[in-house]
1. Within segment 72-89, track down each residue that is over 13 Å from Lys157 (Cα atoms) and either in contact with a His (Cβ under 6 Å, 6 or more places away or on another chain) or exposed (fewer than 13 other Cβ atoms within 10 Å of the Cβ) (or both).
2. Kindly indicate whether Leu91 is in a helix (DSSP H, G or I), modelled with pLDDT of 80 or more, within 22 Å of the chain's Cα centre (by Cα) and not assigned by the TED database to the domain that holds Thr154.
3. Look at segment 38-70 and say how many of its residues are at pLDDT 90 or above and of a type in the set (D, E, K, R).
4. For segment 157-254, give me every one of the helices (runs of 4 or more DSSP H) that falls completely inside it and has 2 or more residues that are modelled with pLDDT under 90.
5. Based on this model, can you work out whether Lys10 counts as over 28 Å from the mean Cα position of the chain (by Cα), of a type in the set (Lys, Arg) and either surrounded by fewer than 13 Cβ atoms within 10 Å (Cβ to Cβ) or at pLDDT 95 or above (or both)?
6. Restricting attention to segment 27-48, report how many residues are out of contact with any strand residue (DSSP E or B) (no Cβ under 7 Å at 6 or more places or on another chain) and touching a residue at least 40 places away in the same chain (Cβ under 8 Å).
7. Could you check segment 188-211 and list, in sequence order, the residues that are under 17 Å from Ala251 (Cα atoms) and surrounded by 14 or more Cβ atoms within 10 Å (Cβ to Cβ)?
Amino acid sequence: MKKKDYFTPKEISQITNVSTRTLHYYHEIKLLIPSLVTDNGYRYYSTQDIAKLQTILFLRQLNLSLENIQNYFDKTPSEKNKILEENVSQLVQKRDQLNQMINYLDHHLKNHKNEEINMDKFDDYDIQQQYDKEAEMKYGDTKYYQAFKEQRNTLNKTDKQRTDKEISHQFNQFFDEMNTFLENGHQANDEQVYQHIKELKDILRIQVPNADNEFLECMAHLYQSDERFAKNINKGRNNNLNQFIADAIQAYLQ
């Protein structure tokens with residue numbers, strides 16, 4: 001074994017800034033298997049392994065999950081390019097959103113130096129970015145998230161944008177209807193109120209086809225405990241609407 005032909009995990013970590021713990025995990029899930037593993041368990045990586053790791057890191061920058069990255073290496077060149085094309089479209093969309101934020105910040109700093117910035121301008125962008133990341137981290141292994149990803153993968157960019165726009169419209173319509181119930185003095189356990197939760201379930205199933213009562217209960221918890229969900233739901237509506245909807249879901253499930 002020539003020393004320059006193989007590298008230890010520590011050396012790989014110094015070269016790529018990837019922790020040895022991450023390298024061990026990639027080995028464990030068979031995403032990046034060292035070219036040489038000695039009888040006493042020492043791992044050594046070849047230059048080809050480093051090249052593959054660089055590809056993995058690049059794909060992670062495109063927000064691909066580890067599972068999708070693993071599948072990527074089994075694809076044909078044309079299939080790989082299709083995956084890259086889809087993710088480039090997402091990056092372009094994020095770039096456009098960032099440009100909008102920069103332009104707004106630049107305008108505010110030049111023209112409103114003595115005024116506090118309106119952070120609501122960034123709400124939709126921030127919420128979506130955080131939800132996307134957290135959803136995969138928290139629920140990536142659940143049957144609901146897998147169903148969501150499978151459903152999303154069947155759509156092209158145009159269909160995704162159209163679907164997202166339609167779902168956003170339906171959610172806002174549902175929130176407005178529930179807000180009307182609340183403003184008119186209805187209780188969450190009134191039958192006409194909690195039966196309205198069926199509409200919410202139908203909306204959720206557009207994104208998560210296998211959404212059931214267990215999933216609905218999880219959403220009730222998020223509406224109640226996640227401040228960002230609450231802020232998004234209550235924006236321009238009653239400040240207690242998120243709690244009202246969560247209570248109505250619980251009444252529906254009983």
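The values are calculated or read from the model by the stated rules, or taken from the named source; none is laboratory data. Computed from a predicted structure; not experimentally measured. Reconstructed Cβ throughout: ideal geometry from the backbone, glycine too, with neighbour counts over all protein chains shown.
1. Once the filter is applied, which keeps residues that are over 13 Å from Lys157 (Cα atoms) and either in contact with a His (Cβ under 6 Å, 6 or more places away or on another chain) or exposed (fewer than 13 other Cβ atoms within 10 Å of the Cβ) (or both), segment 72-89 yields Asp74, Lys75, Thr76, Pro77, Ser78, Glu79, Asn81.
2. When the stated conditions are applied, Leu91 does not pass them.
3. Looking only at that region, the number is 4.
4. Result: 157-183, 191-194, 197-207, 213-225, 227-234.
5. Against the criterion (over 28 Å from the mean Cα position of the chain (by Cα), of a type in the set (Lys, Arg) and either surrounded by fewer than 13 Cβ atoms within 10 Å (Cβ to Cβ) or at pLDDT 95 or above (or both)), Lys10 qualifies.
6. 3
7. Those that are under 17 Å from Ala251 (Cα atoms) and surrounded by 14 or more Cβ atoms within 10 Å (Cβ to Cβ): Ala188, Asp190, Val193, Tyr194, His196, Ile197, Glu199, Leu200, Lys201.
Residues are listed down the side, and each one gets a yes or a no for (1) hydroxyl-bearing (Ser, Thr, Tyr); (2) surrounded by 13 or more Cβ atoms within 10 Å (Cβ to Cβ):
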position: Val18; (1), (2): no, yes
position: Lys30; (1), (2): no, no
position: Pro34; (1), (2): no, yes
position: Asp39; (1), (2): no, no
position: Tyr42; (1), (2): yes, no
position: Tyr45; (1), (2): yes, yes
position: Ile50; (1), (2): no, yes
position: Leu53; (1), (2): no, yes
position: Phe58; (1), (2): no, no
